[in-house]
Amino acid sequence: MIALRRQMLESKNFLDLSPQAKVLLLLLQVQWRADRAVGYGVREAEEKIGCSRKIAMRAFSELREAGFIRLVDESLFCSRRRSKTRTWRLTWMPWNCQAPTNDWEKINTIKKAES
């Protein structure tokens, strides 16, 4: 079961997302576990959403910029050793024994402070 807070679903940050980014948000939550980051890459997003690589990359960017996800660890491709996908923290979910940070609620304040 996936449950999303009504406040998040009605937020401007969520409503401004493209349809692909909204689907990606759900796909990431399906993979969520409280004790580890979510491993999910562009290639998997392309396949599951049914879109081009460019659109999948844009969906990840939208979620990052809106404060819904934060990069935990970068991907690594190596033909001789095992490759790994990027890992993400979902800011609306608990992670690593800590409460959700809900960055999506604060992102506009953060952007204004950086300007």
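Among the basic types (K, R) and surrounded by 15 or more Cβ atoms within 10 Å (Cβ to Cβ): is that true of K22 in this structure? Yes; evaluated as a whole, the condition is true for this residue. Checking each residue in the stretch 16-68 for being basic (K, R), farther than 19 Å from L4 by Cβ and in a strand (DSSP E or B) picks out only R36. The set of residues in the stretch 13-32 that are within 15 Å of G67 (Cα to Cα) and without any contact (Cβ under 8 Å) to a residue 12 or more places away in the chain comprises L15, K22. The selection criterion, being among the basic types (K, R), without any contact (Cβ under 8 Å) to a residue 12 or more places away in the chain and in contact with a strand residue (DSSP E or B) (Cβ under 8 Å, 6 or more places away or on another chain), holds for R64.
Each reported figure results from applying straightforward, stated rules to the coordinates on display, with no laboratory input. All values derive from a computational prediction rather than experimental measurement. Neighbour counts run over all protein chains shown; Cβ positions are idealised from the backbone, glycine included.
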